[in-house]
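**Q** Here it is, the structure in full.
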Amino acid sequence: MVFLKVEMSLNVLISPSQLSPQGLLLRKAVIVRLLEDIANRKASKDHGYYIAVSELKAISEGKVRELTGDVLFPVTFTCITQKPMKGEVLVGSVDKILKHGIFLKSGPIESIFLSEKTMSDFKYIGGENAVFMNEHSKLEKDTVVRFKVMGFRWMEADRQFQLLATLAGDYLGPL
Amino acid sequence: MIEEEKPVKESDGLEDLWKDFSLAAECTKLDTNEDMSNEKDVDDENEMDDDCNHDIRIHEDLGHVCRICGMIVRKAETIIDYQWKKASRTRTNYYESRSKDADDIDTGAVKVSEDFIVSDIAIHPRHAKQMRPHQLEGFSFLVKNLVGDKPGGCILAHAPGSGKTFMLISFIQSFLAKYPSARPLVVLPKGILGTWKREFQRWQVEDIPLYDFYSVKADKRTEQLEVLKSWEARMSILFLGYKQFSRIICGDGDGNIAAACRDRLLMVPNLLILDEGHTPRNRETDVLASLKRVQTPRKVVLSGTLFQNHVSEVFNILDLVRPKFLKMESSRPIARRIMSQVAISGIRSLKGVHDSAFTESVEDTLLNDDNFTRKSHVIRSLRELTKDVLHYYKGDILDELPGLVDFSVFLKLSTKQKEIVHKIEAYEKFKRSAVGTALYIHPCLSEISEGDAADRATNLTDATVDSLIESIIIKDGVKAKFFFNILSLANSAGEKLLAFSQYILPMKFLERLLVKRLGWHVGKEIFMISGDTSADDREVAMDQFNNSADAKVLFGSIKACGEGISLVGASRVIILDVHLNPSVTRQAIGRAFRPGQQKKVFVYRLVAADSPEVKFHETAFKKEVIPKLWFEWSELCTTEDFKLNQVDIDDSEDELLEANAIRQDIKALYRR
């Protein structure tokens, strides 16, 4: 796994109802909103999946917006992220089995595809509980698999990465 | 969906895998939707409790987000729909330099085969370079029939897209070079006039004027007479629509002007060319009667689909090009031999060779006779009978294309549809066909379809169909469901879809369904070509559909999408209903499966199982078999070559059909 520590800036919007003359409550509101926004955003193309906010560096002076009365606070913080890399070796579990291949999950990455074309020695056996089998082992739902990342791409609409996986290599395959 | 791909060294190698990814993901989504809709029926009450009463907040970067549950109700990029302005299209036509000198035409003999009779009409060298072997054969065939001491008519039955137009244009120019006083008349469906004119301008070696009534808007007989006089006065070619022609010849006008027009059309032409020549095949129509009255013996029928419904129609056309064909000296012995070969039934009388008895016997033998030897004898005799006046070419140009897979998909009707099927069986044939077609798409359409024509026109507005769509469940209609699923899968696989129907209502319904459910737009993702569509709009729709990355689906009225329309951007074709004339369906498939196609074409002919539509399908298929037997049969063929083969879905070679959501609706799958 490749984890990154990234310093980022984000504009946090606080509604008037949360404004308070006492500084600590306002600070709390900013932090809660920041965590909310990070969770909703989930990932970015440059940094990967957001795992956790680790350090709050600065909350700059807020700007009041006209008409709504909201206040915009620029916030600088550091965040731990996980970004997929080509050639990386990961451990995941089987999510869905189709004739075309297998969908895997690994940590925050939910869209990993192991194509039937790259598993030349595995055979698909259809039915209610479909499996891929070869002479030594079996891939069925919830099997834990060690795989290598062959390629990835960023899907802006879903805000997630899609990965292509392969089992060709030493020590790769079901555990 | 916006895809931003990071540069990868083996990007070529991974393209296939990414495509597999998309296809698998879409299969998963369809299955999930299926499960969800099933669960919803059972757990309706539980669902209502779980529903969140969304409190929407607008986030600039995310969109409409519920503050309570965090769900992104509407993504940021879908809030504003920007209609990009369409740039005006500029066209520039470049013509090859024209040779003004008539002497350039080669007067030497051209030999294309050992048996070729040296003729005094030759192909122009520029054309000869472009011609394919079957066109050279066709050219010499035309020369043999049309030039010489005893000219007579002939039929060119070349497959669609094999270049009949080019060959005819070349022949006409050579013919005019030899006979400058000749006045060719081309009768054709009005819609493809533009295509012919373009081809003429492209291939002509002399500047020959082309006349027609439509470009000069000659609506009255006086104006038409002027055009006819111009055509008669100098070496030129006249184009005319079938209906216009028969109206002039058989019209009620008794004035001098009308009579003058009629006389000129009947006497002036020395060469009569009938494009889409299967059009005047019905003996009870004015078109056939009027064409027979043209005095020149030189009549050429062009048709890629000569056989349409019945053997007698082929012989009607043969009578047109060779009057009293079956009674000619060369034909009578062969016809008599055929009559002696066919099975004798008590009803049929042996007295003389009547046309109707002859054609009925031939049809019956080709379709129903179990004696294979007798059938082969009849076929051989038929070919001998017609070989001098009929030149057949199956068309191997399509062999160079990636391939065609032609399925007939029998779908299980939903429960609601089955109930209504019983009601419509009481209707007479054509009403049953129209109402049934709408019903098999979705049961909610049957009420609209049953109404009067006037009411139906009112119901076809967007607003009415939209209100209908609000309350329906797609899976109640098995064909609508199949269409949706195939469209989703084809879209994820990067392929475009064509959908053909005989009727407007099903297409309008599916169009509005896509607009409502998927948020697509007419003119961007969705296109429609029907009889009402103007020529310019068709051109724009064709061009955008073929070239635009956003285009997904085009709906075509099956008879409006004829010759001249090219939709090679699509590689999936759905025929939503069964047309009794298989040539019409083949023509529709030819819109995608034609030169210029880059992908393998899959055709899905949807048939509602356990319904009257199955019988229609059988009837149409029998008609398809006859021309195969007549023109393509050989000693090596067995009866298996002329049957529909049932295919298991797993062996269908079609990834889309293997998805569970689609598979469970299929009762049987046949492949041609």
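**Q** Using a 10 Å cut-off around each Cβ of peptide B:266-276, what is the average number of partner chain Cβ atoms that fall inside?
**A** 0
**Q** Name the residues whose placed amide hydrogens come within less than 5 Å of the amide hydrogen of B:Leu271, ignoring near sequence neighbours (fewer than 5 apart) on the same chain.
**A** Sorted by chain and number, the residues that satisfy this are B:Arg183, B:Leu185.
**Q** With the cut-off at 21 Å, tell me which of the pairs B:Lys164/B:Lys197; B:Lys144/B:Lys387; A:Lys83/A:Lys117; A:Lys117/B:Lys481 have Cα atoms farther apart than that.
**A** The pairs that break the limit, which is 21 Å between Cα atoms, are A:Lys83/A:Lys117; A:Lys117/B:Lys481.
**Q** Of all the accessible heavy-atom surface of region A:1-80, with the other protein chains kept in place and a 1.4 Å probe, what percent is carbon and sulfur?
**A** C and S atoms contribute 56 percent here.
**Q** Defining a contact as two alpha carbons under 8 Å apart and six or more residues distant in sequence, what relative contact order in percent does region B:220-292 show?
**A** 38
**Q** Highest first, please rank the peptides A:31-40, B:523-532, B:433-442, A:106-115 by the mean number of other Cβ atoms sitting within 10 Å of their residues.
**A** Ranking, from highest mean packing down: B:433-442, A:106-115, B:523-532, A:31-40.
**Q** Using a 10 Å cut-off on Cβ to Cβ distances, tally the other chain neighbours for every residue of A:97-104 and report the average as a whole number.
**A** Neighbouring Cβ atoms belonging to other protein chains average 5 per residue here.
**Q** A:Gln160's amide H: which non-local residues (gap 5+, or another chain) put their own amide H closer than 5 Å, with H modeled 1.01 Å from N in plane and none for Pro or chain starts?
**A** Sorted by chain and number, the residues that satisfy this are A:Met155.
**Q** Can you pull the mean other chain C-beta count within 10 Å for peptide A:152-162?
**A** Average per residue, whole number: 4.
**Q** What accessible area, summed over both chains, is buried at the B-A interface (1.4 Å probe, Å², nearest 100)?
**A** Interface area, both chains combined: 2900 Å², rounded to the nearest 100.
**Q** Given the pairs A:Lys99/A:Lys138; B:Lys559/B:Lys623; A:Lys99/B:Lys600; B:Lys599/B:Lys623; B:Lys418/B:Lys524, which span a C-alpha to C-alpha distance of over 25 angstrom in this model?
**A** B:Lys599/B:Lys623; B:Lys418/B:Lys524
**Q** A 26 angstrom limit on the alpha carbon distance is what I want to check against. Which of A:Lys45/A:Lys105; B:Lys375/B:Lys667; A:Lys96/B:Lys412 exceed it?
**A** Exceeds cut-off: B:Lys375/B:Lys667; A:Lys96/B:Lys412.
**Q** Further, regarding this structure: How much FRET efficiency would the formula 1/(1 + (r/R0)^6) give for A:Met155 and A:Val6, where r is the Cβ-Cβ distance and R0 is 25 Å, rounded to 0.05?
**A** In this case the efficiency is close to 0.80.
**Q** GNM on chain A, C-alpha springs below 10 Å: top fluctuator among A:Thr118, A:Thr68, A:Thr143?
**A** Looking only at A:Thr118, A:Thr68, A:Thr143, the largest GNM fluctuation is found for A:Thr68.
**Q** Using per-residue counts of other Cβ atoms within 10 Å, averaged over each peptide, order B:135-147, A:159-171 from highest down.
**A** Order by mean packing, descending: B:135-147, A:159-171.
The values are calculated or read from the model by the stated rules, or taken from the named source; none is laboratory data. Since the structure is predicted, the reported quantities are computational estimates derived from the model, not experimental observations. When we count neighbours, we look across all protein chains shown, and the Cβ atoms used for this are built from the backbone with ideal geometry, even at glycine. Quick note on the areas: whole protein, heavy atoms, side chains included, nothing else; ligands and nucleic acids left out. Shrake-Rupley method; radii C 1.70, N 1.55, O 1.52, S 1.80 Å.
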